[in-house]
1. Among the listed residues Ala32, Ala24, identify the single one that is in contact with a strand residue (DSSP E or B) (Cβ under 9 Å, 6 or more places away or on another chain), modelled with pLDDT under 90 and either on the phi > 0 side of the Ramachandran plot or not assigned by TED's automatic domain parsing to the domain that holds Lys99 (or both).
2. Within the range 265-275, can one find any residue that is modelled with pLDDT of 90 or more, touching an Asp or Glu at 6+ places or on another chain (Cβ under 8 Å) and hydroxyl-bearing (Ser, Thr, Tyr)?
3. Based on what the data block shows, is Glu338 among the acidic types (Asp, Glu), at pLDDT below 90 and either buried (at least 17 other Cβ atoms within 10 Å of the Cβ) or out of contact with any Pro (no Cβ under 8 Å at 6 or more places or on another chain) (or both)?
4. Somewhere in the range 368-384, is a residue of a type in the set (A, V, I, L, M, F, W, C), touching a strand residue (DSSP E or B) at 6+ places or on another chain (Cβ under 7 Å) and either within 24 Å of Thr497 (Cβ to Cβ) or not in a helix (DSSP H, G or I) (or both)?
5. For the range 60-158, please list each of the strands (runs of 3 or more DSSP E) lying entirely inside it that holds at least 2 residues being loosely packed, with under 14 Cβ neighbours inside 10 Å and not basic (Lys, Arg).
6. Could you look through the range 284-303, keep only residues that are small (Gly, Ala, Ser) and surrounded by 20 or more Cβ atoms within 10 Å (Cβ to Cβ), and pick out the one that is farthest from Ser501 (Cα to Cα)?
7. Check whether at least one residue in the range 439-452 is surrounded by fewer than 14 Cβ atoms within 10 Å (Cβ to Cβ), in the same structural domain as Asn511 (by TED's automatic domain parsing) and small (Gly, Ala, Ser), and report yes or no.
Amino acid sequence: MAKEEKQNIISNFLSGWQKLFGGAKEHTTPKAKPFPKNHFYSPEELEYLSQNKEGSLIDQWAVSIGKWAFEQGKDKSSPTKFAAVKWQNGLMATWIDGKLTPDTKDRQIGRLLLLKERGYELPERYENMVQDNEAQSLVGKYFVSNNDKSIIKIDSYDRGRLIFDAPSLVLKKWEVDSLSSKEEEVDYADFQKSLNEKYTIMEEERQKEFQEKLANFEEGKELYKGMHNLLRQTYPPTIGGSIPMELRTAHPVDFFDGKVIPVSWSLTSEKDIKVSVYTNHSNALSSITINEDNAYKAKSLLNSIAHAINNEKVNGLTRSLVNVLGNKLGEDKIFAKENNTPLLEAREGTVNAVTATNDGRVIAFNLNTHKEIPLHGKESVELMQALLFEGLDEQSRLRKELSIPKMKDYVESMEDEEDILSGNKELLPHGSKVDSLYGTYYSAEEEYSSYAQGTLPLAAEDKAELIADLQSSFMNFKQELQNMVEAYKDHDGVIDTNKVSKLEKLDRILNIEARGQTPVKPVPVATKRESPKESLQDAEAASKQNDLKEVKNINAEEVDQKAIKSFFGNVNYAPKKVKEESSRQVAPHRLTEKEKDDAISRIDKRIAELHRLGKEQSLKSNIETQPTPTVVGTSHQERLLMAHRALPLLMAKIIKNFHLSIYFLGI
């Protein structure tokens, strides 16, 4: 023990001796210099510093910038030949012709980095600024692993939103021989450490080649997804089929050398696409399986299959609509409009009838000439669209007719048999047009009330527009309600089961097609509302010009239906869809039962008020317009109302209003 203590004493003594007299010295980290303080450099000071060739790094920058700024300016009368410069909060700035000109962000970052390199201690906020700049400069860059087994791309940088969040990078990573990427999130500090150890920047030529491969890969994925979207639109549903002879052409594929000729295709249980093909190497039939990841290897082949699926979609929908809308003709079905009205003006003649044969064919022909009309190019698609419009109209008519018996609860809730508005509006048949129009009116009333009871003033023209919308929606609702109540009183109460079945079939067909966003017929527009002020001016002019004739002739019910149809593809699905989506969004803001009752009570009062005003205006209109039947009312308010009735409901506003009503009632 004594021997060990003696050795330690000798060792410590020798160590101290070496430190004092030039032996091995211990390494010590130099102390960081304090960050340069804020300083204003006058032209005179800069001139002095330039002559003495002394000063700190900041001083040298100030001299250089001051001289540059003076040379840029127009005033050359100063004897110092320098402009003033300031160093403040890590930013260098000067004045050119009296205008403050600070460093660019990149130049500021460069100065901060140089200060750090020279041993200055950067405050935390400047460290973060430098780090953010360095990290952002990496975004979009490609790197290759040193073992050449993977490629990464810096997709984004997140500096963190909370105090304890560490800055991070989101990477896209591709393994060797694969174009499918995986996303990873790594701490920025960890990535910095591993940058040189594991990854190096990708060369420009290799990056360009890789990006071209990625673009080709993404095109294949989109094509594959588009095919599945097309399959969802087929009716009856299609899961396979043969390739038409005209599409059996040779296609290059990257699965092997050579080309293939497709014969048939089918969906596998994994929703991949299996294609039976002939190759140029063999006369025997073989197969290839295409999925999302390898679709880029067979884009031409997929295009051909997509064409075949689209043909099947058009033929299937046309055949299904004729089977539902048409009449029996032996074992076939035939559809024709009243008075042989044309369905399509084709290249080789007018089509006014379509037959769906028992063996699955669709034949277009002309009833007047009793000749088949061959279809070319997009004519088969145009015929399908014409039948879709017929289906939508028939669907709407059937839904309205079958809603009549469902008016029973509402009619029985009416407190006054002579007052059609005295019933409980919540008992209106759900999904019916009268229910939809009530929702539109309710939304207009809520919008008007929210502005009328608000603290902000409302411009006169805006208020007039709200009132006009309110009155228009009320009159549309009231007219439809009156039609439905009268129809119910004349109805025998018996529901035609054949019509119910027909409506169900149309619902299935049209719901499938709605996914494809089928274009709709143009909606006739009497006037175009550019702004509330222009709308009022147009309304004034409408009573003096031919616009009023147009207003009188337009069927408001038809315009409303088509406007909604143009957004949803199906008028009767609109209210339910909007309510379902909105209820999820505003669920946390539901009102109490009392607040709901108050809102409904307020609407009932508004209905009564509008009903009274409507009677007065109707009476006044009848008296004032006796000499000139073409003019409906002479007051500004009446003209405004009629002009607005001619305007189709804009879908964006309908959606907004539905959201408003759902928000206030918490439905």
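1. Details: Ala24 fails: in contact with a strand residue (DSSP E or B) (Cβ under 9 Å, 6 or more places away or on another chain).
Unique residue meeting the criteria: Ala32.
2. no
3. yes
4. As a first pass, look at the range 368-384 and keep what is of a type in the set (A, V, I, L, M, F, W, C): 373, 375, 381, 383-384.
Those still in the list that are touching a strand residue (DSSP E or B) at 6+ places or on another chain (Cβ under 7 Å) too: 373, 375, 383.
If we keep only those that are either within 24 Å of Thr497 (Cβ to Cβ) or not in a helix (DSSP H, G or I) (or both) too, we end up with 373, 375.
Yes, the range 368-384 has at least one match.
5. Numbers: elements: 85-88, 91-96, 99-102, 142-145, 150-158.
Output list reads 99-102.
6. So in the range 284-303, the residues small (Gly, Ala, Ser) come out as 284, 286-287, 295, 298, 300.
This time we only want the ones that are surrounded by 20 or more Cβ atoms within 10 Å (Cβ to Cβ), so: 295, 298.
On the way: Ala295: 41, Ala298: 43 Å.
Only one residue fits best here, namely Ala298.
7. yes
Rundown of residues vs (1) among the hydrophobic types (A, V, I, L, M, F, W, C); (2) closer than 30 Å to Leu317 by Cα, yes/no style:
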position	(1), (2)
Gln207	no, no
Gln211	no, no
Glu219	no, yes
Pro237	no, yes
Val260	yes, no
Trp265	yes, yes
Thr268	no, yes
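The values are calculated or read from the model by the stated rules, or taken from the named source; none is laboratory data. Remember, it's a predicted structure, so these values are computed and weren't measured experimentally. Using ideal geometry, Cβ is built from the backbone for each residue, glycine included, and neighbour counts are taken over all protein chains shown.
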